[in-house]
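Participant: The structure is given below, and queries will be raised subsequently.
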Amino acid sequence: LDAAKQHPRQIIPFGSVDLDAPDVVKQVEELHAMGYRGLGELEFVKKPYNDPSYFPVYELANQYSWIVLFHTGIVLRRKFDEPEDVASGRMRPIYLEEIARRFPKITVLGAHCGNPEYEWAAEIARWNPNVFFDLSGSTLTKMQARLADFQRIFWWSNTGWQSPEWQVKPADSDPSAFVKIVFGSDNGLGGIEPVVKQYHAMFDACGVPEHTRKMIMGGTLAKMLRLTDGH
């Protein structure tokens with residue numbers, strides 16, 4: 001937060017909370033009061049993301065019109081020789097659909113595009129104007145030899161099969177399905193450049209239009225965060 005105050009054009013603070021913490025609602029209220037702009041990455045939950053016990057947090061995020069970043073798909077294992085109450089199945093992208101519909105003022109971001117449930121992630125993004133995904137993590141590495149497959153997953157560019165919401169509220173009036181992706185990285189600052197190159201390799205493999213590339217690499221998030229200069 002101190003860094004964000006010193007560099008407001010470069011750093012926008014998001015709060016990381018444990019959705020299962022008994023005081024999580026109070027934590028969220030405090031983060032909002034301090035000037036935080038959203039939550040995430042949320043992960044390692046004890047119940048599926050759409051469990052009603054988490055709704056008070058989402059209700060606040062909806063009230064604040066926050067961005068909320070959810071881990072989706074396979075998750076790392078921290079402990080190897082003792083029990084661990086962690087399950088990737090609680091963090092499937094399908095659970096974000098209900099959150100997006102119940103809390104329409106939340107901008108829902110799904111980290112990792114549901115890895116490996118990419119098709120579910122894309123279809124949820126297609127029908128919900130407040131849902132986006134990133135391709136951070138291992139996806140662009142493991143699919144480097146078949147990046148063109150994303151044309152099949154994000155299939156509805158310039159077609160008549162776009163949802164009614166898409167027709168009314170597309171991201172920056174961009175007709176490409178790929179505009180539902182935003183840039184994200186699991187790497188530290190020193191590892192960002194290789195990830196940027198992976199994104200551009202995917203753009204080239206899928207013929208992503210130049211305008212859409214600019215939206216993915218910052219334009220969409222700038223609009224979400226109401227950054228007036230687009231950066």
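Participant: Can you tell me the FRET efficiency between ASP20 and VAL196 if r is taken as the Cβ-Cβ distance and R0 is 30 Å, rounded to the nearest 0.05?
Facilitator: 0.30
Participant: Could you give log10 I(q)/I(0) at q = 0.14 Å⁻¹ for the chain, computed by the Debye formula over C-alpha point scatterers of equal weight, without solvent?
Facilitator: So the normalised log intensities are -0.93.
Participant: Which whole-number value in Å² is the accessible area per residue of the chain, probe 1.4 Å?
Facilitator: Details: 11890 Å² over 231 residues.
Roughly 51 Å² per residue, with all protein chains present.
Participant: Using 23 Å as the Cα-Cα cut-off, could you pick out the over-long pairs in LYS26/LYS180; LYS26/LYS223; LYS47/LYS79; LYS26/LYS47; LYS5/LYS47; LYS46/LYS142? Working shown, then result.
Facilitator: On the way: LYS26/LYS180 32 Å; LYS26/LYS223 28 Å; LYS47/LYS79 19 Å; LYS26/LYS47 20 Å; LYS5/LYS47 35 Å; LYS46/LYS142 28 Å.
Exceeds cut-off: LYS26/LYS180; LYS26/LYS223; LYS5/LYS47; LYS46/LYS142.
Participant: Would you compute, from DSSP H runs of 4+ residues alone, the mean residue ellipticity of the chain at 222 nm, taking -39500 (n - 2.57) per run and dividing by the full residue count, rounded to the nearest 500?
Facilitator: For the chain, the value works out to -9500 deg cm²/dmol.
Participant: Leaving ligands, DNA and RNA out of it, report the carbon-plus-sulfur percent of the accessible area of the chain at a 1.4 Å probe.
Facilitator: 53 percent
Participant: For helix 55-64, what angle does its Cα long axis make with the longest principal axis of the chain, in degrees from 0 to 90 and rounded to 10?
Facilitator: 70 degrees
Participant: Could you tell me how many degrees, from 0 to 90 and to the nearest 10, lie between the Cα long axis of helix 24-34 and the main elongation axis, the longest principal axis, of the Cα atoms of the chain?
Facilitator: Compared with the principal axis, the helix lies near 70 degrees.
Participant: For the chain, with only Lys/Arg (+1) and Asp/Glu (-1) charged at the beta-carbon, what is the dipole magnitude about the Cα centre, in debye rounded to 20?
Facilitator: Computed about the Cα centre, the dipole is about 500 debye.
Participant: Calculate I(q)/I(0) for region 11-127 by the Debye formula, one identical point scatterer on each C-alpha and no solvent, and give its log10 at q = 0.09, 0.12, 0.15, 0.16 Å⁻¹ to two decimals.
Facilitator: -0.23, -0.41, -0.64, -0.73
The values are calculated or read from the model by the stated rules, or taken from the named source; none is laboratory data. Since we're looking at a predicted model, the values are computed, not measured. Please note: Cβ atoms are built from the backbone with ideal geometry, for glycine as well, and neighbour counts cover all protein chains shown. Ligands, DNA and RNA are excluded from the accessible area calculation, which covers all protein heavy atoms including side chains. Shrake-Rupley method; radii C 1.70, N 1.55, O 1.52, S 1.80 Å.
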